[in-house]
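Have a look at the structure below before the remarks.
The values are calculated or read from the model by the stated rules, or taken from the named source; none is laboratory data. Owing to the predicted nature of the structure, the values given are computational and were not obtained by experimental measurement. All Cβ positions, glycine included, derive from the backbone under ideal geometry; neighbour counts span all protein chains shown.
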Amino acid sequence: MRGADQGALPFLVLQWCEAMKIAGAASAFPPHYYPQAVLLAALREYWKDSLPNPRMLDQLHAHAGVDGRHLVLPLERYYDLTTFGKANAVFIEAAQELGEQAITCALARAKVDKSRIGALFFVSVTGIASPSIDARLVNRMKLSPNVKRVPIFGLGCVAGAAGVARAADYVRAFPDQVAVLLAVELCSLTLQKEDLTVANLISSSLFGDGAGAVVVAGDQVEAAAGPSVIATKSVFYPDTEDVMGWDISEKGFRIVLSREVPEVARKHLGHDVDAMLAEHGFTRADVSSWVLHTGGPKVLEATADALGLRNGELAASWECLRRMGNLSSASVLCVLEEVMLHRLPAPGTLGVLAAMGPGFCSEIVLLRW
């Protein structure tokens, strides 16, 4: 926080939200992990002679910044996914398994019993289910039958940050309760064999499978220490719906990924963060902890440009990208876990958690560690 000349607003905001906190974060991954070179060889075989320019696939994998990725199935099983229904059936089963693992670990780290969960938010953009995955987890984990369920589909990469924000909104209204956010993304199930566009080839080199869970505790809940949620902000950019998303058909999810994504980040993110900070009496110079969606190398570089970060501030994001690739909505939650477990900022540090995604839009969460 800046000096006393800024008045009482920052102090009041911090006091108001001091105990509304992220008490725990955890990830969960399927058991099949493959180095990038193995995945590249498998994709060469998968597409065989269909690729008009095989060297492009090699180059995309080399420049993805990824050492390896988790996949929900062994490599040879992907040949069996001949319909959208088959792929989605795998999603429904695996999402429950990974979701239970992530939530159980996050609750343990938060030192909160599952009986305290008042709301369960579920986000994903790589599979669909009705009853939704959160409903199935209520049965599977024997959660309270009174838990409020909020399944959210379609936000893509931004959903991790948006979910944290919506969970914080909930416990602000119900300070004696806990809200849990679960993100499960099984990106490998969306790979389209007939799609040889650059967007799908990039996707094949970058995206992985995994889940992330976060426990947000109200100010009347005893829980483990964690960053306070000071404020949240949503920003929608009109007429940008063609930048990122899915074309959905009987074949499943066909990725829409414009080369404009890094430029949209450069154009908007710095201004959006600055505007939010200014609303609460801060500037970017007051922030020393950054929890940002992994995106990909070009997106992370654009993010660094937009925010003027040149001294390793995005090291946690780069590390998560290297280890597991882009997990869509779960990515920023895995970065949050990395920071909470291995890169914990000093008490009182101001932080920003943020992601961008389909809409096109951004979600920003202001934290105090």
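Every residue, every condition in (1) at pLDDT 95 or above; (2) aliphatic (A, V, I, L, M); (3) closer than 20 Å to Thr240 by Cβ, yes or no:
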| site | (1), (2), (3) |
| --- | --- |
| Ala265 | no, yes, yes |
| Val287 | yes, yes, no |
| Leu292 | yes, yes, yes |
| Gly295 | no, no, yes |
| Asn326 | yes, no, yes |
| Glu338 | yes, no, no |
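Here are some conditions: (1) assigned to a strand (DSSP E or B); (2) surrounded by fewer than 21 Cβ atoms within 10 Å (Cβ to Cβ); (3) modelled with pLDDT of 95 or more. Ala278 meets all but one. Which one does it not meet?
The one condition Ala278 does not meet is (1).
Can you report the number of residues in segment 300-324 which are part of a helix (DSSP H, G or I) and in contact with a strand residue (DSSP E or B) (Cβ under 8 Å, 6 or more places away or on another chain)? First the steps, then the outcome.
Of segment 300-324, the ones part of a helix (DSSP H, G or I) are 300-307, 315-324.
Pick out the ones that are also in contact with a strand residue (DSSP E or B) (Cβ under 8 Å, 6 or more places away or on another chain) and you get 300, 303, 307, 316-317, 323-324.
Number of matching residues: 7.
For (1) closer than 20 Å to Ile22 by Cα; (2) free of Cβ contacts under 8 Å to residues at least 24 places away in the same chain; (3) buried (at least 16 other Cβ atoms within 10 Å of the Cβ); (4) in the same structural domain as Cys334 (by TED's automatic domain parsing), each residue gets a yes or a no:
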residue	(1), (2), (3), (4)
Ala95	no, no, yes, no
Cys105	yes, no, yes, no
Ala108	yes, no, no, no
Thr126	no, no, yes, no
Ser132	no, yes, yes, no
Leu137	no, no, yes, no
Met141	no, no, yes, no
Lys148	yes, no, no, no
Ala162	yes, no, yes, no
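Out of (1) at pLDDT 95 or above; (2) surrounded by fewer than 16 Cβ atoms within 10 Å (Cβ to Cβ); (3) under 23 Å from Gly359 (Cα atoms), the odd one out for Gly154 is which?
With (1) at pLDDT 95 or above; (2) surrounded by fewer than 16 Cβ atoms within 10 Å (Cβ to Cβ); (3) under 23 Å from Gly359 (Cα atoms) applied to Gly154, the lone miss is (1).
Assuming Ala355 fulfils every condition listed in (1) part of a helix (DSSP H, G or I); (2) in contact with a His (Cβ under 7 Å, 6 or more places away or on another chain) apart from one, which condition is it?
The number of the failed condition is (1).
Identify the residue in segment 245-255 that is in contact with a strand residue (DSSP E or B) (Cβ under 6 Å, 6 or more places away or on another chain) and under 23 Å from Gly163 (Cα atoms) and, among all such residues, is modelled with the highest pLDDT.
Among those that are in contact with a strand residue (DSSP E or B) (Cβ under 6 Å, 6 or more places away or on another chain) and under 23 Å from Gly163 (Cα atoms), it is Phe253.
Being modelled with pLDDT of 95 or more and outside any helix (DSSP H, G or I) is the filter here; which residues of segment 177-200 pass it?
Gln177, Val178, Ala179, Val180, Leu181, Leu182, Ala183, Val184, Glu185, Leu186
Give the number of residues within segment 307-339 that are surrounded by fewer than 21 Cβ atoms within 10 Å (Cβ to Cβ) and over 21 Å from Ile202 (Cα atoms). Lay out the reasoning, then the answer.
First pass over segment 307-339, keeping only residues surrounded by fewer than 21 Cβ atoms within 10 Å (Cβ to Cβ): 308-313, 315, 318-319, 322-323, 338.
With the extra rule that they be over 21 Å from Ile202 (Cα atoms), the set shrinks to 308-313, 315, 338.
Number of matching residues: 8.
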